[in-house]
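Working notes, beginning with the structure itself.
None of the figures in this text is laboratory data; all of them are computed from the coordinates on show. All values reported here derive from a predicted model rather than from experimental measurement. Cβ coordinates were reconstructed from backbone atoms using ideal geometry, including for glycine residues, and neighbour counts include every protein chain displayed.
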């Protein structure tokens, strides 16, 4: 690719930026897109034998994706390091948006980026997960003097003991607790499956205390079988109630 052809490519990047501005993209997003598209176009002009943007193929974009994966940034006095998965994904997203715009402007006959697959970001654990000792202190700090406290302690013990989801907790009935076996039955859980989960001794004790001394104070409606009920109405708890308790 000669210099004139390269400049025509870079001019497309400027027009792309003008379009982003026209449809009200934020200045920060436009800066990032313009930078990432220019990086791609510089790579294209230096590594691929094409004379116009219309000659770019899906294979070329796959080559660019591999180049991003293998690229190592070098800073003076520091070890070189590869681009993060997030950075790779952002640069590919900008290129994909660029080709979508080119297709909408009829600059290209088809969109070679339509099948471009960004790298999957690694799953990471939440930063605010309690340690075992922190969870134990939280449970021990929850009083059990009043019926409401007994209910809240039972909820916390069950969540910590079993790891079930809030939605699963809310669906529990009094018939799902098996004190003899020390288990809890979860019906219609993830994938609409039923499973049995074990209870710790402390969770079993907290549930027994709640059922024997507290639940009857709240669940005044005949036939109410939900395990955890409101202290005010006796109706089943909802998700907002659990969020407040936890």
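Side notes on the structure shown:
- Helix 85-104 and the longest principal axis of the C-alpha atoms of the chain enclose an angle of approximately 60°.
- Computed from Cα positions, the angle between helix 58-70 and the longest principal axis of the chain comes to roughly 70 degrees.
- Segment 171-190 and segment 1-24 have Cα centres lying 61 Å from one another.
- Segment 3-104: C-alpha pair distances exceeding 22 Å, %: 33 percent
- Sites residue 3 and residue 85 - FRET efficiency at Förster radius 41 Å, r taken between beta-carbons, to 0.05: 0.75
- Taking the C-alpha atoms of the chain, convex hull volume expressed per residue in Å³: 232 Å³
- Nearest-ten-degree value, helix 147-162 long axis tilted from longest Cα axis of the chain: 50 degrees
- Rounded to 0.05, the FRET efficiency of the residue 225 and residue 140 pair, given R0 = 41 Å and the Cβ-Cβ distance, is 0.85.
- Residues residue 93 and residue 175, FRET efficiency given R0 of 45 Å [Cβ-Cβ distance, rounded to 0.05]: 0.35
- Least to most buried among 110, 160 (fewest other Cβ within 10 Å first): 110, 160
- Space enclosed by the convex hull of the alpha-carbon atoms of segment 195-246, per residue, Å³: 110 Å³
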